[in-house]
Amino acid sequence: MDRFLYLTTTGRVSGEPRTIEIWFVESGGRYYVVAERRESAQWVKNLERNAAVLFRVGTRDETDAPAPARARVVREADRIAEVAVLMNAKYGWSDGLVVEIVPSGH
């Protein structure tokens, strides 16, 4: 079972790619991550400015190219609750802002 997702956003000030390693869950072909620092996380600010992101699931040293996607902050209470259940089951933690990553073509 993969534990990490690598998310690359575009820096809203620098315009440079910014990559983080983060816990994730997958549901229905969409990926969900949780920002512990909520809206104050720099990567959340970046994707709110530019929703086009790249992501890859696996380990840090994999050579697979990241896939294009769109990301957004989840506001729907039922989806937030669903992701919390999945995150708690996988990691025992879910406290934060939920972000949905939708691969291109979905």
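What follows is calculated from the coordinates using simple rules that are stated; it is not laboratory data. The model shown is predicted, which means the values in this text are computed figures rather than measured ones. Cβ atoms come from the backbone with ideal geometry, glycine included; neighbour counts cover every protein chain shown.
Overview of values
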quantity	calculated
Distant-in-sequence amide H partners of VAL53 (H built 1.01 Å from N, under 5 Å)	ALA69, ARG70, ALA71
Simple label model, 7 Å out from Cα along Cβ direction - TRP93 to GLN42, nm	1.9
Nonlocal amide H pairs with PHE4, under 5 Å, H built at 1.01 Å	GLY58
Sequence-separation-based contact order of region 4-103, relative, with Cα cut under 8 Å and 6+ spacing, percent	33
³J(HN,Hα), Karplus 6.51/-1.76/1.60, whole Hz, each residue of region 86-100, x for Gly, Pro	5, 5, 5, 5, 7, 10, x, 7, 7, 7, x, 8, 8, 10, 9
Estimated 222 nm signal from helices in the chain, with DSSP H stretches of n ≥ 4 weighted -39500 (n - 2.57), rounded to 500	-6500 deg cm²/dmol
Spatial separation of Cα centroids for region 92-106 and region 20-47, in angstrom	5
Phi to ³J(HN,Hα) by Karplus 6.51 cos²θ - 1.76 cosθ + 1.60 over region 33-46, Hz, x for Gly, Pro	10, 10, 8, 4, 8, 6, 5, 7, 5, 4, 5, 5, 4, 5
